[in-house]
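**Student:** To start, I am sharing the structure in question, which I have written as structure tokens.
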Protein chains: 2
Amino acid sequence: MKKEFDVIFARNEFKAQAFLDELRGKKPLFVLAIATTDTGKIPGISAAGKMPEFTDYTPPADAELLHLGRCKCIKGVPVTPDGIPTPALIAMSALHLADIPVLVCSGGLRIKPQIPFLDVGGNPGRDIRTGSSVDNVQEVIDRAVIAGENLAKASDYLVIGESIPGGTTTALGVLSAMGIHAAGKVSSSMPENPHDLKSEAVRVGLTAAGETFGSLLNNPIRAVSCVGDPMMPAFAGLVMGAAAEIPVLMAGGTQMTAVLAIVNDLKPEVLCNVAIGTTRWVVEDDSSDICGIVEEIADVPVLAADLNFAGSRFNGLKAYEKGIVKEGVGAGGASIAAMAATEGAVTKEMLLTDIERNYAKLMGLK
Amino acid sequence: MKKEFDVIFARNEFKAQAFLDELRGKKPLFVLAIATTDTGKIPGISAAGKMPEFTDYTPPADAELLHLGRCKCIKGVPVTPDGIPTPALIAMSALHLADIPVLVCSGGLRIKPQIPFLDVGGNPGRDIRTGSSVDNVQEVIDRAVIAGENLAKASDYLVIGESIPGGTTTALGVLSAMGIHAAGKVSSSMPENPHDLKSEAVRVGLTAAGETFGSLLNNPIRAVSCVGDPMMPAFAGLVMGAAAEIPVLMAGGTQMTAVLAIVNDLKPEVLCNVAIGTTRWVVEDDSSDICGIVEEIADVPVLAADLNFAGSRFNGLKAYEKGIVKEGVGAGGASIAAMAATEGAVTKEMLLTDIERNYAKLMGLK
């Protein structure tokens, strides 16, 4: 695949190149959309926390890490049960190396981060198996659109990332409700991608809501309300508000395809300004298929930061090469933006060195 | 006094000119710091609402007006008992004419606005006569500093306005606690400036807190905690975070002097990047003395938008010439920014025409 800087053009090389050209040397704003959902607490679904309740702390802890260089609402940093640290470490290094400003946006949280955050009127999400997982979807979208419109006037482009445990399951929920074949294609931060668990949760949720696969083809608002998560309306609204004026890099893995489906239904005319930015670990993942899902929705390019932690001196970081944790907190998009903003001065090697330094400091390693 | 565009240099002409030169043609971000306090409910203190409880709705309604062009949490727009409409009308027209982005920041609210807003961890304020009026002052400042630092990377300069009923009384409180002689010098939105009522409330509050005039000379955190309001730590933190990097226009009347005193104590080195931007109605007011208070604190310039509503076809707007409502919601600073951003293309005449149009539409007038 074609590359520029340390960025892989994973889908639609021509558009990906044009999109990256637009970002070159420009000044982005990174927005992190965070939320919590009880879907993340379904046993075996998410690796974002060791204990189900811990998933409520992961998004605010990630947000604190980006702003403060450390977490306040938890000790240390979020780690998976296998000891793999949060990809917020990657985003934090990338944003810091390129001096990119950060704004956190809450779609609905049980635990509030101890940093400034945009409130767009959302509530924490319920388990999708209730069939009624998200409140105020339209209102949150409307408010996030306003935020996106205003932020677009203050930046050359937006990079929007997410942190929500269980997010690939809710993504599968919304995609399924909208008739997009994503079963077996969404990603995971677990050693074994629990596709069956996810599909079962979605099936139960759709049934509880009185819906079936594809029954909400043109109703993303209801799809999110039934089987989505509260990150989605905040994220989608930000994209719709900003991409009407400036480029928007949707920074994340397969979760981005659910947001893409929402935006594609509500405001398809902005998609000419949209790309997905992720990591090499996502686009090379055998247990998921981000480009395959995008293919079903809209012709947007997919870019991937060519990160490589194989040479790291820390096992916690080397583990990224095993394809367990692969993305999150906009790690890939933030890395792409750091490379583009500095016109390639920030490289993948420089990123790894800085990530190792931060990881060692935060974990008390040498 | 010297003028450029329709901007009056009301204090320190040389610095005022240099500051305005820096803004010329640049892209600002307007931040509105809002909060509520029970101090605004002391009978006779504030004109921000007809009934004491209504003061809880004024700041969110002002914020909604800026973003939506109409209020959602109340019908119509906030008006004084005399029927004078909120100065948010002025800010709204100015920001719209110059296409200036807006971000609302809550220092602590009883009623949340139905628009996106930055949460910096504050609570609504108590009556200053309790001597314990604001929670978490240091924490709110710290979070607002983070917001200011990040917004500074995304804009050429910030214009920060406020909306909080009773704000001149709490300003007098903090100024008095810090040993600045402001009694009889703070402004008012009432036909008769109730200086005695304000001084009495401050006296009672300081006594309740075990403090006296000047006893908190070098302790603005405690001054705000005892007799301030929750807009102050949010506003001061934004200034401290942003003015370390870019110019900041503090947009408001005599309330700005309390924020100035706080910043001057905590981070005086940023004041070279700070000016106060207000309206002609404030600098020409006989019942208050903004420049006199500034004189006691620090040598920052004061600029004033030379607005003139004498020729308006609406009595509600003509009333601004009687010196009742004079400022608020960053009306003066937003007007200055609109003129500077458009290099004078936005004039006071154009502003009045647009304000009249919006006023007529919102009030159902012809």
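**Student:** Compare B:Met92, B:Met256, B:Met350 in a GNM of chain B, Cα atoms joined below 10 Å, and give the one with the largest fluctuation.
**Tutor:** Among B:Met92, B:Met256, B:Met350, the largest GNM mean-square fluctuation belongs to B:Met350.
**Student:** So which lysines pass the test for A:Lys3, namely a Cα distance under 28 Å, with those fewer than 8 places away in the same chain ruled out?
**Tutor:** Counting by Cα, and skipping residues close in sequence, A:Lys3 has these lysines nearby: A:Lys15, A:Lys26, A:Lys27, A:Lys185, A:Lys318, A:Lys322, A:Lys326, A:Lys348.
**Student:** Assuming a ≥ b ≥ c are the square roots of the Cα gyration tensor eigenvalues, decide whether the range A:25-134 counts as rounded (a/c under 1.5), prolate (otherwise, with a/b larger than b/c) or oblate. Before the final figure, lay out the partial values.
**Tutor:** Working: a/c = 2.10, a/b = 1.40, b/c = 1.50.
Oblate, since a/c reaches 1.5 and b/c is not below a/b.
**Student:** Any idea what the relative contact order of the range A:96-217 is, in percent, if you count C-alpha pairs under 8 Å spaced at least 6 apart?
**Tutor:** Working: 129 pairs, mean separation 29.6, N = 122.
Dividing the mean separation by the residue count of the range A:96-217 yields 24 percent.
**Student:** A further question on this structure: Per residue of the range B:202-215, in order, report the coupling 6.51 cos²θ - 1.76 cosθ + 1.60 (Karplus, θ = phi - 60°) as ³J(HN,Hα) in whole Hz, putting x for Gly and Pro.
**Tutor:** Per residue, the Karplus-derived 3J(HN,Hα) values read 5, 4, 4, x, 4, 4, 4, 7, x, 10, 9, 3, x, 5 Hz.
**Student:** Still on this structure, I have one more. Go from 0 up to the bin containing the longest alpha carbon distance in chain A, width 10 Å each, and give me the % of pairs per bin.
**Tutor:** Bin by bin from 0 Å, the calculated values are 6, 29, 39, 23, 4, 0.
**Student:** List the residues of the range B:147-188 for which accessible area in the full set of protein chains is at least 40 Å² lower than for the chain on its own; 1.4 Å probe, protein heavy atoms only.
**Tutor:** B:Asn150, B:Lys153, B:Ala154
**Student:** Then there is this: When chain B is modelled as a GNM with alpha-carbon springs shorter than 10 Å, which of B:Asp62, B:Asp135, B:Asp286 fluctuates the most?
**Tutor:** B:Asp286
**Student:** Got the A:Arg357 label distances to the other copies yet, label 7 Å along Cα→Cβ, in nm, shortest first?
**Tutor:** 5.3
**Student:** Further question: What percent does the relative contact order of the range A:207-309 come to when contacts are Cα pairs within less than 8 Å and at least six residues apart?
**Tutor:** On the way: 116 pairs, mean separation 25.7, N = 103.
Once normalised by length, the contact order is 25 percent.
**Student:** Quick one: if you stick a label point 7 Å off each Cα along the C-beta vector at B:Asp286 and A:Glu349, how many nm between them?
**Tutor:** 7.6
**Student:** Can you put B:His181, B:His96 in order of accessible area, largest first, using a 1.4 Å probe?
**Tutor:** Details: B:His181 105, B:His96 130 Å².
In descending accessible area the options line up as B:His96, B:His181.
**Student:** Taking K and R as +1 and D and E as -1, what net charge do the other residues with C-beta under 15 Å from the C-beta of A:Ala305 add up to? All intermediate terms of the calculation are to be shown ahead of the outcome.
**Tutor:** Numbers: positive: A:Lys2, A:Lys3, A:Arg11, A:Arg280, A:Lys326, A:Lys348; negative: A:Glu4, A:Asp6, A:Glu284, A:Asp285, A:Asp306, A:Glu321, A:Glu327, A:Glu349, A:Asp354.
Cβ neighbours under 15 Å give a net charge of -3.
**Student:** Let me ask another. PRE reach from B:Glu53 (point 7 Å along Cα→Cβ): which of the range B:116-131 fall under 19 Å by backbone N?
**Tutor:** The answer is B:124-127, whose backbone nitrogens lie closer than 19 Å to the label point.
**Student:** Can you divide the C-alpha Rg of the range B:211-366 by 2.2 N^0.38 Å and report the result to two decimal places?
**Tutor:** Its radius of gyration relative to the 2.2 N^0.38 Å reference: 1.15.
**Student:** Still on this structure: Which far-off residues, 5 or more places away or on another chain, put their amide H under 5 Å from the one on B:Gly125, with H placed in the peptide plane?
**Tutor:** The list, which skips near neighbours in sequence, is B:Thr36, B:Thr37, B:Asp38.
**Student:** Taking a label point 7 Å from Cα toward Cβ, how far is B:Pro268 from its twins in the other copies, in nm, shortest first?
**Tutor:** 6.3
**Student:** Next question, about the same structure. Inside 10 Å of the C-beta atoms of B:110-119, what's the mean count of C-beta atoms belonging to other chains?
**Tutor:** Working: counts 0, 0, 2, 3, 5, 8, 20, 7, 8, 9.
Counting Cβ atoms of other protein chains within 10 Å of each residue's Cβ and averaging gives 6.
**Student:** Heavy atoms of the protein only, probe of 1.4 Å, neighbouring chains included. What is the accessible area of A:Lys322 in Å², nearest 10?
**Tutor:** Its accessible surface works out to 150 Å², give or take rounding.
**Student:** When only alpha-carbon atoms are used, what values of Rg and Dmax, in angstrom, describe the range B:76-168?
**Tutor:** Just the Cα atoms of the range B:76-168 yield Rg and Dmax of 15.4, 43 Å.
**Student:** Can you give the accessible area of A:Arg313, probe radius 1.4 Å, in Å² rounded to 10?
**Tutor:** Its heavy atoms expose roughly 150 Å² to the probe.
**Student:** Still on this model: List the distances, in nm and shortest first, from the label point of A:Lys26 to the matching label points in every other copy, placing each point 7 Å from Cα along the Cα-to-Cβ direction.
**Tutor:** Label point to label point, same position, other copies: 2.3 nm.
**Student:** How big is the A/B interface in buried accessible area, both sides summed, 1.4 Å probe, to the nearest 100 Å²?
**Tutor:** Working: alone 12800 and 12830 Å², together 23420 Å².
When A and B are taken together, about 2200 Å² of accessible area is lost.
**Student:** Just the accessible area for B:Glu269, please: 1.4 Å probe, Å², rounded to the nearest 10?
**Tutor:** Surface open to solvent at B:Glu269 totals about 120 Å².
**Student:** Now a separate question. Considering amide H positions built from the backbone, and no H for Pro or chain starts, which residues 5 or more places from B:Leu118, or on another chain, come under 5 Å of its amide H?
**Tutor:** Amide H neighbours of B:Leu118, under 5 Å, 5+ apart: A:Asp119, B:Val104, B:Cys105, B:Ser106.
**Student:** Let me ask another. By how many nm would the segment from A:Leu68 to A:Glu192 grow when fully extended, if each residue of separation counts as 0.36 nm and the alpha-carbon distance is taken off?
**Tutor:** Contour length minus Cα-Cα distance gives 41.4 nm.
**Student:** Given that compact globular proteins tend to follow 2.2 N^0.38 Å, what is the ratio of the alpha-carbon Rg of the range A:180-229 to that value?
**Tutor:** Here the Cα radius of gyration is 1.19 times the empirical estimate.
**Student:** Using Cα-only point scatterers and the Debye equation, what is log10 of I(q)/I(0) for the range A:255-328 at each q in 0.14 Å⁻¹, rounded to two decimals?
**Tutor:** The computed values of log10 I(q)/I(0) come out as -0.50.
**Student:** If you average the sequence gap of Cα pairs under 8 Å that are 6 or more apart and divide by the length of chain A, what percent do you get for the contact order?
**Tutor:** Working: 926 pairs, mean separation 94.1, N = 366.
Once normalised by length, the contact order is 26 percent.
**Student:** With a 1.4 Å probe and all protein chains left in place, how much of the accessible area of the protein assembly as shown comes from carbon and sulfur atoms, in whole percent? Could the numbers behind the result be given before it?
**Tutor:** Values: 11810 of 23420 Å².
Reported share for carbon and sulfur atoms: 50 percent.
The values are calculated or read from the model by the stated rules, or taken from the named source; none is laboratory data. The shown structure was predicted, so the numbers you read here are calculated from the model rather than taken from an experiment. Note: ideal-geometry Cβ built from the backbone for every residue, glycine included; neighbour counts use all protein chains shown. Only protein heavy atoms, including side chains, enter the accessible area calculation; ligands, DNA and RNA are left aside. Shrake-Rupley method; radii C 1.70, N 1.55, O 1.52, S 1.80 Å.
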